[in-house]
């Protein structure tokens with residue numbers, strides 16, 4: 001069978017950094033191909049080369065057996081090569097059908113006039129083909145995250161077909177990173193249907209998903225191929241070992257480093273209620289304890305975190321810090337009381353993406369007169385301590401991988417000298433190697449006596465890292481599990497949250 005997309009010895013350099021060192025891949029029609037690797041392995045660079053965002057220095061790309069000279073994203077789309085980005089690219093203030101055909105209105109133009117009626121009809125037709133019940137005449141901001149994702153997938157498939165592509169190639173970048181379990185299952189169902197019409201490239205750090213849905217998987221390491229596995233060969237352990245190599249040793253969640261919390265209560269919640277989100281929530285977090293709030297999307301755990309940090313207000317209940325009742329009405333009040341937050345959206349809420357690594361790390365210490373030399377020294381020390389992979393502390397933070405950006409967030413938290421740290425999905429979008437380093441940092445924080453409130457990125461992460469787990473379902477507390485002496489099984493855990 002002829003490959004829908006063939007990549008031969010693709011090379012890409014950025015100055016002295018050799019990002020792609022001769023990558024090879026063959027993707028065939030009607031298959032789902034996984035691409036995995038640590039942050040910095042070359043996945044993003046390769047995808048940007050395929051989309052024409054970056055021009056390769058050497059190598060060859062063929063689409064349908066013919067050499068492809070890709071000059072930019074729209075040119076790539078016209079050749080049937082499309083990508084659905086993790087951050088999504090729809091315009092929220094426009095209607096669904098306007099987003100669907102943005103830049104391709106000429107398909108619906110007669111005598112210089114755009115026919116909205118034909119665009120709406122076309123959108124209905126494409127949604128019907130995908131088995132979607134989406135109204136094309138509403139604003140995009142009224143759609144859920146999974147619905148927006150479906151619109152993007154449908155849009156890209158339509159573009160490819162309209163431009164005459166025989167075998168469309170749809171790249172999905174971390175498609176489940178912001179999805180709950182039910183929405184992820186829906187996406188997988190749609191992928192199995194979409195595979196009948198296109199080749200799917202599935203990029204994810206969630207290795208369980210890769211093992212479950214991919215027909216073949218390419219592993220990248222340090223800009224080169226480091227393995228190709230068929231579905232029947234796949235396992236999470238195999239992929240982890242291939243991605244990380246000899247540095248990946250020992251138990252994944254570092255439970256051998258887990259300490260028993262002290263008796264001293266650092267933070268206490270009593271009868272916390274927020275109508276429509278959660279009701280009568282109470283718990284204590286002790287010194288050096290990793291305390292987990294666990295539940296599915298909509299369980300109320302994220303809103304509890306918002307209330308504790310002053311991003312939202314409760315309707316009832318009390319908060320106590322080291323035995324003293326506190327009122328936290330805004331984030332600055334939380335910071336003043338030495339409560340730190342690593343938010344789920346690190347790019348939008350934790351980092352200043354246009355600032356350097358040094359400036360981001362040192363932000364908590366910038367008071368009064370600012371001494372550049374001192375800022376640089378603080379940053380250099382934290383970069384070494386947390387093993388942040390960066391050519392220099394002067395590099396703009398957006399140029400770092402997701403895992404290293406998260407380490408910058410952790411560096412800021414360490415510098416705040418917090419008593420309580422709230423970690424909301426600290427490993428979201430982070431590869432397995434960087435995850436393990438972040439787990440080590442979390443263990444280090446607990447070992448220093450800091451109270452940690454964790455909302456993990458997977459149920460296994462919740463169980464593996466925590467001393468105590470409070471499970472929630474539909475805003476109600478369902479159990480309090482002691483995970484210090486014996487970790488609950490996944491089946492025991494799930495029955496309390498689903």
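Modelled spin-label separation between residue 338 and residue 231, with each label point placed 7 Å from Cα along the Cα-to-Cβ direction: 5.4 nm.
With the simple spin-label model, which puts each label point 7 Å out from Cα in the Cβ direction, the residue 185 to residue 320 separation comes to 4.0 nm. Would you work out if the stretch 122-251 is rounded, prolate or oblate? Take a ≥ b ≥ c from the square roots of the eigenvalues of the alpha-carbon gyration tensor; rounded if a/c is under 1.5, else prolate when a/b is larger than b/c, oblate otherwise. Since a/c reaches 1.5 and a/b is larger than b/c, the shape of the stretch 122-251 is classed as prolate. Mind checking the angle between helix 181-194 and the chain's longest principal axis? C-alpha axes, 0 to 90 degrees, to the nearest 10. Helix 181-194 sits at roughly 10 degrees to that axis. Straightening the chain between residue 91 and residue 329 buys 82.4 nm, computed as 0.36 nm per residue apart minus the Cα-Cα spacing. Between residue 161 and residue 347, the C-beta separation translates, for a Förster distance of 45 Å, into a calculated FRET efficiency of about 0.85.
For the stretch 251-265 and the stretch 317-355, what is the separation of their C-alpha centers, rounded to whole Å? Centre-to-centre distance over Cα atoms comes out at 24 Å. Of all DSSP-defined beta bridges confined to the chain, some 55% are antiparallel rather than parallel. At q = 0.18 Å⁻¹ the log10 of I(q)/I(0) for the stretch 157-201 amounts to -0.58, computed by Debye summation with a single uniform scatterer per C-alpha, solvent ignored.
Shown is the FRET efficiency for residue 444 and residue 485, computed with R0 = 25 Å from the Cβ-Cβ distance and rounded to the nearest 0.05: 0.70.
Once the Cα atoms are used to define both axes, helix 116-129 deviates from the longest principal axis of the chain by about 70 degrees.
For the stretch 5-247, the share of alpha carbon pairs falling in successive 10 Å distance bins from zero is 7, 31, 35, 20, 6, 1, 0 percent. Please give the calculated 222 nm ellipticity per residue for the chain, where each DSSP H segment of at least 4 residues contributes -39500 (n - 2.57) and the sum is spread over every residue; nearest 500 deg cm²/dmol? Estimated from H runs of four or more residues: -9500 deg cm²/dmol.
Report, as a whole number in µm² per second, the diffusion coefficient that Stokes-Einstein gives for the stretch 255-494 at 10 °C and 1.306 mPa s using the Kirkwood radius over alpha carbon pairs.
The diffusion coefficient I find is 87 µm²/s.
A straight line joining the Cα centroids of the stretch 286-309 and the stretch 11-51 runs 37 Å.
The angle between the Cα long axis of helix 432-447 and the longest principal axis of the Cα atoms of the chain comes to about 10 degrees, rounded to the nearest 10. Relative contact order for the stretch 241-375: 18 percent, from Cα pairs under 8 Å spaced at least 6 residues apart, divided by residue count. Expressed per residue, the C-alpha convex hull volume of the stretch 345-423 stands at 94 Å³.
Sorting the segments 268-281, 230-243 by their mean number of nearby beta carbons within 10 angstrom, highest to lowest, gives 268-281, 230-243. Would you kindly calculate the translational diffusion coefficient of the chain, applying Stokes-Einstein with the Kirkwood radius from alpha carbon pairs, for 4 °C and a viscosity of 1.567 mPa s, and quote it in µm² s⁻¹ without decimals? D, rounded to a whole number, is 53 µm²/s.
Using the Stokes-Einstein relation with a Kirkwood hydrodynamic radius computed over Cα pairs, the translational diffusion coefficient of the stretch 407-461 at 20 °C and a viscosity of 1.002 mPa s comes to 186 µm²/s. Label-to-label distance for residue 259 and residue 142 is 5.4 nm, based on points extended 7 Å past Cα in the beta-carbon direction. From the alpha carbon centroid of the stretch 214-234 to that of the stretch 106-159 is 35 Å. Over every Cα atom in the stretch 34-171, the radius of gyration and the widest Cα-Cα span, Dmax, amount to 16.2, 52 Å.
Relative contact order (percent) for the chain, with alpha-carbon contacts under 8 angstrom and 6 or more residues of separation? Walk me through the numbers before you get to the answer.
Details: 985 pairs, mean separation 76.7, N = 498.
Across the chain, relative contact order equals 15 percent.
Quick note: the coordinates plus some simple rules give every number you see, no bench work behind them. If you're wondering where the values come from, they're calculated on a predicted model, not measured in any experiment. Note that we place each Cβ from the backbone using ideal geometry, even for glycine, and neighbour counts take in every protein chain shown.
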